[in-house]
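Derivation of every value follows stated rules applied to the coordinates shown; laboratory data play no part. None of the values given here were measured: they were computed from a predicted structure. FYI the Cβ positions are ideal-geometry reconstructions off the backbone, even for glycines, and counts take in every protein chain you see.
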Amino acid sequence: MLPTRTVTGLPTHPRARSRRRAGWFLGALAAGAMLALVGLRPAPDTDRPAKSAPAAAQLHPASWPANAITVAYLGHATLLIDYLGVHVISDPTFFHRVGLDVGHLFTVGPVRHTPVPLAPAALPPLDLILITHAHMDHLDLPSLRALPRSATVVSCAGCRDLIEPLGFADVRPLEWGESTWVRGLKVTAMGARHWGRRWPWEADRGYNSYVIEKDGVRMLIACDSAFTPIFSQLHDNPPLLAAFSIGAYDPWIRNHANPEQVWEMFRESGARYLIPIHWGTFRLSREPMDEPIRRLIRAAGPRAGAIAIRQIGGVFQVSAPALRRASFPSQPGHRIAQDSSGQPRSGAQSDPR
Ligand SMILES: [Zn+2]
Ligand SMILES: [Zn+2]
């Protein structure tokens, strides 16, 4: 059950009411500017927490082995990762909307179309929260408030002032090329082709992709990005897994790669498994909600087996025996489970090696 944010105990004093009206006005103005900027359209229904998905029954982080790498896609850009015993979450979004957080009471912005598969209360003890950039759908204040303040937050270079006031004591903004260590996990920031302003009138706060590494195994968590050759620099020491945003390209192709371009960037990175994110959750653009994943599978053609997670709530695990191998073949050997319709089967998938 997700925490419920309800509007209760609103002030009735006239001065408080006028302050509230002013707050509403400023909030609406800011929301309008934000939505105009990123092309978001608020949906008409009320703010409420998303329901748990049926897939939640398959998500048991407590049972994930600490000597494996397990990745769960929780919708939009949120990945829950057990990286060899270090618990990481990226760009957490748990609630019914993302957008402008008005007085901690409700949010103005796009509505969630797919239920969140795991509530904050069901998360394992988090060691690390990764924030790629300050856009409303990535740095979501209500979701951060729902997480333990004991976690380290690694963020975009200019994002400290948004995160620290929430009560996180260990916030580490990184510039591209900088690294930090959290419980033996190395986190290195690298670039992308995107932008990092939260509001139209402020300076760019930066935007980071991250390479995380432990015991010589690397994973790329790419920031939202337009097509760029930047990820080809990983090819000589390629990540095992790479998460790329595949949605919000119509008409925002100048800032968000389309699935064919993502496939090309994934190929250039040399990574073995692709975890597509940023699709099917919030409507940020004109393409149909399931078009990004369909186009990605088509673009991958005979290598579609490298697409490790194809649904929200999906889980992918690289077992300890697979990780013990000194080198990984360039072609993925595992098979994505299919049901009789030819669609990927729900639930956990794993690398059998
Ligand atoms: Zn963005
Ligand atoms: Zn985004």
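Annotation note: chymotrypsin sites (Phe, Trp or Tyr not before Pro) in segment 170-266 located in DSSP loop regions with a Cβ neighbour count of at most 12 within 10 Å are W201. If r is the Cβ-Cβ distance from M289 to R324 and R0 is 35 Å, what FRET efficiency results, to the nearest 0.05? The value I calculate is 0.35. Full extension of the chain segment joining D250 with W195 gains 18.1 nm, where the gain is 0.36 nm per residue of separation less the Cα-Cα distance.
Taking 0.36 nm per residue of sequence separation and removing the Cα-Cα distance, the D215/A203 pair yields an extension gain of 0.6 nm.
Order by neighbour count: S269, S232, fewest other Cβ atoms within 10 Å first, most last. Least to most surrounded, the residues fall as S232, S269.
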